[in-house]
Structure formats: C-alpha cells, structure tokens
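J.: Please read through the structure below; I'll follow up with questions.
The values are calculated or read from the model by the stated rules, or taken from the named source; none is laboratory data. For clarity, every value in this text was computed on a predicted model and none was experimentally measured. Cβ: placed from backbone, ideal geometry, glycine included. Neighbour counts: every protein chain shown.
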Amino acid sequence: MGYLSADLLRGRETGTKGARLAAQYLVQRFRELGLAPGLDSTWTQPFDVTYSPNPHAPSGHGTPRTGRNVVAHLDRGAGRTVVIGAHYDGLGYGGPGSRSPGDSLIHNGADDNASGVAALLEMAHQLKNSDALSSNVLFVAFSGEELGLYGSKHFVDAMPMPPDQVRYMINLDMVGRLGDSRRLVVSGTGTSPAWAPALDAAAEATNITLAEDPSGLGASDHTSFYLDDIPAVHLFTGAHDHYHTPGDDSHRIDYDGLHDVATFAVRLVEALGDDGDLPFTETDNEPQGRRTSFDVTLGVMPDYTFDGTGMRIDAVTEDDGPAARAGLRAGDVVVRVGDVTVDDIYAYMDALGELAPGDATTVVVKRGDQTLKAEVQF
Ligand SMILES: [Zn+2]
C-alpha cells in the first residue's frame, strides 16, 4: 500500500514512468512470493492504448501509449485455472476521470486501487501456502482500467488458455474501506449459482456482511470476463468522498479490514472447491421488460455506479465510435437523446433501443457546469 500509493509513483497513470515503477515492484513481490511468470516465461503483458484525447488535460494525454499487465502463475499442473485480478493503474494527476478536475495534484489512488493490489498480493501469499486448492491460479495486476478496462480486455482476448479452462474470476477493486460496518459489496453474484453458498461460507468465516448485486456488468475489470462467459465477481468496500480525488491517500485505509477482505477472498476460493467448472449464467442487467440488445452503440462504457440524474460516461471505448466522433468524453453525463429525457441508465438504454444504424440525433450532455449539445451519427 505504502509504496504503490506514494507520490513517487505519481498516481500510476497507464503508460507513465510511475506505472512502470509499480509494475517492476509487482514483479519483484510476485518473485519473492515464489510465483512463476504468468505468460510464456515473461511477467508483463504489453498492450496498446489509444485513448480519446481531452484537449484540456495535461500534456501526455492523447498520445498513443503502452500499458502493461503484470501476470504471475501459481502453477499446480492442473487442467483448470482461477484468475484473481486487481488494477494497479490510477489517474495520475487527475485528468478527465477526476472528480476534482480543477487542480492537477497527484491522485495517489490508495483505495482505488492500491488496496486491491495489496489484497491480491496477500491472497497470493495465503494461497501459495495453502493446500486447499489444486487449481492453478493466475494473479493479474491490470493496467488501463481507468481509461476503459483496456488491460483486462486485452488479457481476455489474449488469454494463455482457452476460456473454458478458466473456472472463474475474482476482481478486487477498492477494498480498503471496510470499516466498522464490515459491509462488503459483491457484484456479479448472478454470474453462477455457485457463488451464493460459497460467499455465505466466506462471510461467516470472516465476520463480514455482504451486499450482493447479481449483475455481471459493472465499471471494473470483472466485466471483461463476464462478457467472455466466465463467472466473475467484484469485491468492493464502497464509495466515499475521496474516490477519484487527490484525497484518496494511504492514511485513510483500514488496514485490518483490508487484510480481512483478502482472507475473505481466500475463504471464498476454498469454499468454491476444486470440482471443475462453475456453471456460467447470464445476468438480468436490466429490470423486467427492458431492452437488452441494440442495433446501435454509442461506443462508451456507462458508469453503472453513478446515482445522479442521467447516464455518466465512464469511458469512451471506441476511438472511432459515434460518441468519440461527436466529441463526447469520459465524465460527460448524458441527459437527453433526441426527444427522450435520460434520467438514468435504463432511460438511456430505452432511447438507444429506438435508434437504427445511419440515424443521426442530438445528444445533450452535462460537462461540469456546462450543458452541451452534440450531433451524433450512429
Ligand atoms: Zn478502480
């Protein structure tokens, strides 16, 4: 926690020197824990990021960059593998993802997500010394998450084994604020019927209270696995005022709670046992009667955790998609599509469902305290 969220690493933004230092550190720690390089005898997996530029962001944005996942293997010679992941990239000096965009201070990202990486390392330590699991385990520290899940998407696309040999994925993103409530949010519980009993057993063993969300779609790396039909959950100790601000610092971490979340996740792995595949189930990501397939896409990742009015764009995922071409950016909140008022993500989906390829319409977004109109061509 201390090293990853120190000012030295300058917020670990993807493709920067700070991110490289973090990756080197993680390789060293995985080595010390006695793990093997995860991919054909290499520790890191490079991938290209072509991120939509924000003209108001500090220099360095908008140029092509290379992200690097760090992958370690606990190789037990088994036919099946479990993936445990946490993103180590951060917002650097803020940029479009910051909730305090005015000041360009280092965003150390202690809870988001040095905490998840610390829990990942602790899990590696505990599982290395446990004989309760005979599956192989890949421990993956992802980069590119804050820019739009780039690292996990690349990992899934270039997976070193066929997807049906991956039993399940556990994502640790923001797990440093357990606190006295001992409440842990688990998203993705509907992606397999095997999760519920195993989660209950782990919760009981660690005196943790669960808040469960069945949806496999969320604004973090488990989504990349869910979209590849792999059961996946996200562990999360909840939102707070310092999220995506320069105030997300290491002195605010609940260290005992962080250790307990890692132990909870190890108990979860043990409770899931060794017997083969977990059945995958698609989740109802929308309430009954809502549309779930679309003829058009805006080319963005919605922020599923946003609880304000409208649909907040978490990331622009297609460089040449309709949103990018219309100049929309991460952080923009869509409040109107054509004639339809967009109060929430479901209204947004309904509006999108009425459109066909070739249509053009006006999209109204809030950007900070500005209201902007964009002509979007689908
Ligand atoms: Zn995060």
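J.: Between a residue in region 69-82 that is within 11 Å of Asp274 (Cα to Cα) and any residue that is part of a strand (DSSP E or B), which pairs come within a Cβ distance under 6 Å, given they are 6 or more apart or on different chains?
T.: Note: pairs meeting the criteria are Ala78/Asn136; Arg80/Arg167; Thr81/Asn136; Thr81/Leu138; Thr81/Val166; Val82/Val137; Val82/Arg167.
J.: Test Gly176 against the stated conditions and say whether it is touching a Phe, Trp or Tyr at 6+ places or on another chain (Cβ under 7 Å) and either within 26 Å of Gly308 (Cα to Cα) or buried (at least 21 other Cβ atoms within 10 Å of the Cβ) (or both).
T.: no
J.: Any residue at all in region 300-308 that is modelled with pLDDT under 85, acidic (Asp, Glu) and either more than 30 Å from Ala202 (Cβ to Cβ) or assigned to a helix (DSSP H, G or I) (or both)?
T.: no
J.: Could I ask something else about it? Output the residues belonging to region 211-248 that are more than 13 Å from the ligand (Cβ to nearest atom), within 19 Å of Asp260 (Cα to Cα) and modelled with pLDDT of 95 or more.
T.: Val233
J.: Here's a follow-up. Tell me which residues, restricted to region 195-229, are in contact (Cβ under 8 Å) with a residue 60 or more places away in the chain and among the β-branched types (Val, Ile, Thr).
T.: Matches in region 195-229: Thr206, Thr223.
J.: Right, next: For region 62-93, which residues satisfy the criterion of being assigned to a loop (DSSP other than H, G, I, E, B) and either within 16 Å of the ligand (Cβ to nearest atom) or among the charged types (D, E, K, R) (or both)? Even if it seems obvious, please write down each step before you answer.
T.: Step one: list which residues in region 62-93 are assigned to a loop (DSSP other than H, G, I, E, B), which gives 63-64, 75-80, 88-89, 91-93.
Result: Asp75, Arg76, Arg80, Tyr88, Asp89, Leu91, Gly92.
J.: Which residue pairs have Cβ atoms under 7 Å apart, sit 6 or more places apart or on different chains, and have a first residue in region 98-117 that is farther than 19 Å from Ala141 by Cα and a second that is away from the ligand (no atom under 16 Å from the Cβ) and modelled with pLDDT of 95 or more?
T.: Close Cβ pairs (under 7 Å, with a partner that is away from the ligand (no atom under 16 Å from the Cβ) and modelled with pLDDT of 95 or more) amount to Ile106/Asp7; Ile106/Arg10.
J.: Across region 1-41, what is the number of residues that are free of Cβ contacts under 8 Å to residues at least 60 places away in the same chain and of a type in the set (Asp, Glu)?
T.: 1
J.: Only one of these conditions is not met by Val49: (1) under 19 Å from the mean Cα position of the chain (by Cα); (2) surrounded by fewer than 17 Cβ atoms within 10 Å (Cβ to Cβ); (3) at pLDDT below 95. Which number is it?
T.: (2)
J.: In region 96-123, which residue that is of a type in the set (Ser, Thr, Tyr) and assigned to a loop (DSSP other than H, G, I, E, B) is nearest to the ligand (Cβ to nearest atom)?
T.: Ser98
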